[in-house]
Amino acid sequence: MRIGRVARLRVGRRVPAKRVGPGRLGQGVREESVLQRKTGRETSGQPKAGRASSGHEPRSRLSSSLAALLASVVIALGTAGALQAEPVTGQGPLLAYGMRIAGDDARTRVVVDFDRKPDIFVHYVDNPPRVIVDLPETSFGVKPEDAQARGLFKDIRFGAMGASSARIVLTATKPVEITVADVKTDDGGKSFRLVLDAERVEKKRFAELLIEQTWTGSVALTKAPRVDEPAPASSDFVIAVDAGHGGIDTGAIGVDTKMEEKAVTLAFAKELAETLNREPGIKAVLTRDDDEFLSLSERVLIARQKQAKLFISLHADTLKQHDIRGATVYTISDKASDHLAASLAERENLSDQLAGVPLADEPAEVADILIDLTRRETQAFSVNLARSIITSFEGQINLINNPHRFAGFQVLRAADVPSILLELGFMSNTDDEKLLVDPAWRKKVSERIAAAVRRYRGGAMADGG
Ligand SMILES: [Zn+2]
């Protein structure tokens, strides 16, 4: 494949056979110009000639023998999509220390500076059209003002995916094609520049690109099941504590502290799990215990794998109205209780999209009366827990008006695990923000939640649950 081909030709290394990539991605003028520089000849079959920045490259006729040579190189390299130029070994994560974006709504160039040669894998995801750059473990020291989306891109994020992978997600305003994906060496090999050129294309072309690419959509996302933790004893009342957001998905940003929601929720989740684990018969498990990305369905899956009897997702979002503060407990519902709940659920449900997770094919709703009954029963338990938490908070922890709200949060959709989403407070409110980063407050709230769980268990057991 062309991206890999350029890199390989330039650095003269072999592409690992199993690294396969998207069909025509990266095929473009920059690549052509590289080939031209290499060979001094024009390459054949380059459909984008002159449309990108290197259109000024000199051209000459391509001899048939060279064409044959190039063809054999392409065959030899197969469809490798990885720009794996230098193996990254034993040096810790890559450092991405700079980013520049320029262009308009016809063409946009994104440049990322790295300290070492990055091994990149570029592919597309639809709904909305996104360009994903998968990377090995990478620390991002990019200034937010340098990563402002513009031109063809309306959103740019980057961050950790799993323990050893990172990703840049470029969400496009219109269907795009990456015509150039190239890594260049600067400064005598001291720094490396990833150059991505995007061009606006028709919907039809984007659909072709999606079909042509060989990316399966699950490489970087699916983490190995955690086998390090012993399975909870069957008598334990398991509670899945879910720290919202993580990795590439930072969540909200505090107005004063600039703290990221993903860090606030993780610190809180750890405290809550510890507090719950002090309760006899309770075993709290964390969906994540690190700064890593989990898709919404992975969170639900982990809870079910751990045979959780409760799922508590922790958040601390922002609102436009900075004066609104206090905790909210959400349960799932097709119809939102109010506008605030609806918009919050909408934003939370964007997590997968922002991280470049393709829209999952939702399993068709089975018209099964048993599932329906389970769902209803689960819903009743979820509501009981929500009420119990509110009772436990009253007079102790700040609550929003109407603190029990509901909306279509995807992370709460397990049919058989009672689930709530707890907005601890709002990072958009100065007073809430101070509390959210205060260990003493975390401890107090965790204890109130543990008390609520105790009461819930008492009630659930009395009801035979
Ligand atoms: Zn959140």
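Under 16 Å between alpha carbons, and skipping anything fewer than 8 positions from residue 309 in its own chain: which aspartates and glutamates qualify? Output for residue 309: 236, 242, 279, 377, 416, 463.
Residue 135 sits among other residues whose Cβ lies under 12 Å from its own Cβ, and their net charge, with Lys and Arg +1 and Asp and Glu -1, is 0.
Between residue 99 and 113, 143, the built amide H atoms are under 5 Å apart, and every one of these is 5 or more places off in sequence or on another chain.
Shown is the FRET efficiency for residue 111 and residue 204, computed with R0 = 35 Å from the Cβ-Cβ distance and rounded to the nearest 0.05: 0.75.
Taking a ≥ b ≥ c as the square roots of the eigenvalues of the Cα gyration tensor of segment 258-309, is the shape rounded (a/c under 1.5), prolate (a/b larger than b/c) or oblate? Taking the square roots of the gyration eigenvalues as a ≥ b ≥ c, segment 258-309 is oblate.
Here each label is just a point 7 Å from Cα along the line to Cβ, and for residue 321 and residue 454 those points are 3.5 nm apart. Placing a label point 7 Å from the Cα of residue 350 along the Cα-to-Cβ direction, no residue of segment 280-294 has a backbone N closer than 15 Å. Between the amide H of residue 286 and those of 241, distances stay under 5 Å, these residues lying 5 or more places away or on another chain, with hydrogens modeled in the peptide plane.
The modelled label-to-label distance between residue 102 and residue 369, using points 7 Å beyond Cα along the C-beta direction, is 6.9 nm.
With a ≥ b ≥ c the root eigenvalues of the C-alpha gyration tensor of segment 237-462, is it rounded (a/c under 1.5), prolate (a/b larger than b/c) or oblate? Rounded, because the longest to shortest axis ratio a/c is under 1.5. Taken one residue at a time, the phi angles of segment 153-162 give Karplus couplings (6.51, -1.76, 1.60, θ = phi - 60°) of 10, 9, 8, 10, 10, 8, x, 6, 10, x Hz. Gly and Pro are set to x.
Values quoted throughout were computed directly from the atomic coordinates according to the rules given, and no laboratory measurement underlies them. Because the structure is a prediction, the values reported are computed rather than measured. Quick reminder, even Gly has a Cβ in these numbers, built from the backbone with ideal geometry, and neighbours come from all protein chains shown.
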